[in-house]
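J.: Here's a structure for you.
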Amino acid sequence: MADELFKALADPTRRTILDELADRSGQTLFEICGRLSMRHQLGISRQAVSQHLAVLEAAGLVETRREGRYKYHDLNTAPLRQITERWPEPEPEESTP
């Protein structure tokens with residue numbers, strides 16, 4: 001799982017998609033494409049965005065749900081905890097006088 005997580009985070013477009021889902025979770029593919037185009041001037045195809053979303057979903061960073069004919073994408077930050085748990089911040093050493 002960690003390899004998929006790092007692979008997903010390595011790409012700047014995928015990080016931008018995560019930023020957009022952090023700003024407003026529960027977006028459709030059409031909405032995500034529109035926000036990437038309007039807010040970030042990214043002219044990538046819907047298929048490319050769909051492929052990026054598949055990588056993010058495989059890493060557990062995006063969860064999808066269907067409602068009728070629409071598929072919504074939600075941000076899941078739980079996998080990011082794996083990173084902080086793997087390399088926790090060391091406890092500060094107490095200095096003795």
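The values are calculated or read from the model by the stated rules, or taken from the named source; none is laboratory data. Note that the structure is predicted; figures quoted are calculated from it, not measured. Cβ atoms come from the backbone with ideal geometry, glycine included; neighbour counts cover every protein chain shown. Surface accessibility is based on the protein's heavy atoms, side chains included, excluding ligands, DNA and RNA. Shrake-Rupley method; radii C 1.70, N 1.55, O 1.52, S 1.80 Å.
J.: Are any residues in segment 2-51 in contact (Cβ under 8 Å) with a residue 12 or more places away in the chain and either among the hydroxyl-bearing types (Ser, Thr, Tyr) or on the phi > 0 side of the Ramachandran plot (or both), and if so, which ones?
T.: Thr13, Thr16, Ser25, Gly26, Thr28, Ser50
J.: If you scan segment 54-67, which residues turn out to be assigned to a strand (DSSP E or B), open to solvent by 40 Å² or more (accessible area, probe 1.4 Å) and not basic (Lys, Arg)?
T.: Once the filter is applied, which keeps residues that are assigned to a strand (DSSP E or B), open to solvent by 40 Å² or more (accessible area, probe 1.4 Å) and not basic (Lys, Arg), segment 54-67 yields Glu63, Thr64, Glu67.
J.: Mind checking which residues of segment 1-26 are in a loop (DSSP other than H, G, I, E, B) and either closer than 14 Å to Tyr72 by Cα or not acidic (Asp, Glu) (or both)?
T.: Met1, Arg24, Ser25, Gly26
J.: Look through segment 68-97, keep the residues that are open to solvent by less than 100 Å² (accessible area, probe 1.4 Å) and more than 20 Å from the chain's Cα centre (by Cα), and return whichever of them is farthest from Asp23 (Cα to Cα).
T.: By that ranking, first place goes to Pro88.
J.: Among the residues of segment 27-53, which ones are in a loop (DSSP other than H, G, I, E, B) and either surrounded by 13 or more Cβ atoms within 10 Å (Cβ to Cβ) or charged (D, E, K, R) (or both)?
T.: Thr28, Leu42, Ile44
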